[in-house]
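Engineer: Could you have a look at this structure, given as structure tokens, before my questions?
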Amino acid sequence: MSQQINLVPLLANFRSGATLFTILLNNHSKIISHGESFPFFEDDVTDYQCSCDEKVRECKTYRSHAEHMFNKELKDWDRTRFVMLRNYSNIHFVNKWLHSFNYLPLLRDLVIKIIPVYKRKNNDFLTAQKTFFFNSLNHQNCSIYLDGTKSLRRAELFAKDEQISMKVIHLVRDGRGFCA
């Protein structure tokens, strides 16, 4: 998989209309999106829906794109790959710091780069995600994957990858509409 991946992360606040926006853009012949591609929390995995409105566990198209993230022995999703962001440690504070985008990013990136287990986990996560994008793009014969997970840290990880060409959409909704 040495092909360039055209990725467009959608950054927005929750309840801003981003999911509807991804569904609308998904209708374009050159764009594919699964909405919020991956669940935010582990508890969401069983009820998580594809953009076609089926549960991802039952959606044949989604399953074919994410087949490499399914743990066949346990007959469930591999929680190290089928996640929005990879956990590096069992220590909550460490993960929180390594996923943060506003606390000393150069130091954080250096820690991930020099600690072998963190580096391996990071590379495994990126490879799994790129395989998912690649499978989705090839299956639908599209040239752009729209990632609607709304995660700035996730977008930051992909921006550093040489195989990914990225443009970002930042969706801003009027706060009055959100409050209503």
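The values are calculated or read from the model by the stated rules, or taken from the named source; none is laboratory data. Everything quoted here is computed from the prediction, not taken from an experiment. Cβ sites come from the backbone with ideal geometry, for glycine too, and all protein chains shown count toward neighbours. In case anyone asks, the SASA skips ligands and DNA or RNA and just uses the protein heavy atoms, side chains included. Shrake-Rupley method; radii C 1.70, N 1.55, O 1.52, S 1.80 Å.
Engineer: If you go through the stretch 1-24, how many residues are surrounded by fewer than 18 Cβ atoms within 10 Å (Cβ to Cβ) and at pLDDT below 90?
Structural biologist: 10
Engineer: Of the residues that make up the stretch 111-129, is at least one open to solvent by 50 Å² or more (accessible area, probe 1.4 Å) and not in a helix (DSSP H, G or I)?
Structural biologist: yes
Engineer: Just give me the residues in the stretch 17-27 being of a type outside the set (Gly, Ala, Ser) and in contact (Cβ under 8 Å) with a residue 12 or more places away in the chain, in sequence order.
Structural biologist: Result: Thr19, Phe21, Thr22, Ile23, Leu25, Asn26.
Engineer: Considering the stretch 50-100 alone, what residues qualify as being in a helix (DSSP H, G or I), open to solvent by less than 20 Å² (accessible area, probe 1.4 Å) and of a type in the set (Ser, Thr, Tyr)?
Structural biologist: Tyr62 - this is the single residue of the stretch 50-100 that is in a helix (DSSP H, G or I), open to solvent by less than 20 Å² (accessible area, probe 1.4 Å) and of a type in the set (Ser, Thr, Tyr).
Engineer: Now for a separate question. Of all residues in the stretch 154-180 being of a type in the set (Asp, Glu) and modelled with pLDDT under 90, which is most open to solvent (accessible area, probe 1.4 Å)?
Structural biologist: Asp174
Engineer: I've got another one for you. Would you pick out the residues in the stretch 142-153 that are closer than 19 Å to Arg15 by Cα and either open to solvent by 30 Å² or more (accessible area, probe 1.4 Å) or within 9 Å of the chain's Cα centre (by Cα) (or both)?
Structural biologist: If the condition is that a residue be closer than 19 Å to Arg15 by Cα and either open to solvent by 30 Å² or more (accessible area, probe 1.4 Å) or within 9 Å of the chain's Cα centre (by Cα) (or both), then Asp147, Gly148, Thr149, Lys150, Ser151, Leu152 are the ones that fit.
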